[in-house]
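Contents: one structure, followed by commentary.
The values are calculated or read from the model by the stated rules, or taken from the named source; none is laboratory data. What you see is a predicted model; the values in this text were computed from it and never measured. Methodologically, a virtual Cβ is constructed for each residue, glycine included, from the backbone with ideal geometry; neighbour enumeration extends over all protein chains shown.
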């Protein structure tokens, strides 16, 4: 890392907005002029990669940058809808774990201590998600957004809804159960969110049906390598010959680490921090822990680089790699990552999990 980067950090404090932008962001949100944030986000990621920061640190910085944008949007809306000040805006999934990459979409909810007019609530939440989309946080295809009435309510409504989803497989929507177990307050009071998370995690840890649902999400896992070490890629369609490193590998690492964090009551929310906690406490070996961290680092860095390449090509970000096009040392690292993740998945399936 160059000395100039060390003496001139690109963001306010440890993470966040570039110097000078924080004073302008609220004005931009008020005026609906957040489109330029997309370019800033991409430039920051490129700068962080050039500094040779780890993918873990880049993803944390990017997540917190996105949270600064969310905060500005919520503050601007609270000026028009004052009751928002008594609500808490939640981030689920990768945002809740501080693992966002370029192209991460919105997964959010609203915990409310007020009961505003329904039409006003719809107008407000629809405006929020559209503003965030304009700032480069894409709309969630699965509808996990505050504009969807299923993703807002008071504390009791949230607790009842989430426990119901976890206990009844038929209620599962176009999202993974794990998504609703990783969440964090972005705007508003954090205390009810901590209490909600504690109650929800305790429920999962003590209810066999909720546990079985989590583990069942791993049962369809198939190692994307043949017995002879060839990659298993898409057989047809536009991505024929490519491998989806998020769905085929990274998602299973994330889910397995979460299940073990539940079992051993680890407080960490970030996947890398969960792996370190599991290794430090002896629940996985130190060597396996190092292999898993290396796998996560490789896969997330690859996703960040793909996002930048897609921007240069004017294409939307994706999670596909063509193994044949990789250099031999990179193909070897991808195989090693897949094998490390498979070992963790098998351990959970075999009963070391819950």
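Below, the figures for the structure above:
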| item | result |
| --- | --- |
| Where residue 272 falls short, out of the listed (1) closer than 21 Å to residue 333 by Cα; (2) without any contact (Cβ under 8 Å) to a residue 24 or more places away in the chain | (2) |
| Number of the condition not met by residue 45 [criteria: (1) under 19 Å from residue 187 (Cα atoms); (2) at pLDDT 95 or above; (3) out of contact with any strand residue (DSSP E or B) (no Cβ under 8 Å at 6 or more places or on another chain)] | (1) |
| Every residue from the stretch 283-300 that is under 20 Å from the mean Cα position of the chain (by Cα) and crowded, with 18+ Cβ neighbours inside 10 Å | 292, 293, 295, 296, 298, 299, 300 |
| Long-range neighbours under 7 Å by Cβ, at least six apart or interchain, first residue free of Cβ contacts under 8 Å to residues at least 12 places away in the same chain within the stretch 67-94, second in a helix (DSSP H, G or I) and surrounded by fewer than 22 Cβ atoms within 10 Å (Cβ to Cβ) | 78/85 |
| Those residues of the stretch 95-111 which are out of contact with any helix residue (DSSP H, G or I) (no Cβ under 7 Å at 6 or more places or on another chain) and surrounded by fewer than 22 Cβ atoms within 10 Å (Cβ to Cβ), in sequence order | 105 |
| Verdict on residue 132 being in contact with a helix residue (DSSP H, G or I) (Cβ under 8 Å, 6 or more places away or on another chain), closer than 26 Å to residue 200 by Cα and in the same structural domain as residue 198 (by TED's automatic domain parsing) | no |
| Which listed residue is within 19 Å of residue 84 (Cβ to Cβ) and buried (at least 19 other Cβ atoms within 10 Å of the Cβ), from 188, 153, 134, 178 | 188 |
| Restricting the stretch 91-149 to residues that are in contact with a strand residue (DSSP E or B) (Cβ under 9 Å, 6 or more places away or on another chain) and in a helix (DSSP H, G or I), the residue that is nearest to residue 311 (Cα to Cα) | 132 |
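Residue by residue, here is whether (1) part of a loop (DSSP other than H, G, I, E, B); (2) modelled with pLDDT of 95 or more; (3) surrounded by 15 or more Cβ atoms within 10 Å (Cβ to Cβ); (4) touching a helix residue (DSSP H, G or I) at 6+ places or on another chain (Cβ under 6 Å) holds:
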| residue | (1), (2), (3), (4) |
| --- | --- |
| 1 | yes, no, no, no |
| 5 | no, no, yes, no |
| 19 | yes, no, no, no |
| 26 | no, no, yes, yes |
| 29 | no, no, yes, yes |
| 40 | no, no, yes, no |
| 56 | no, yes, yes, yes |
| 76 | no, no, yes, yes |
| 83 | no, yes, yes, no |
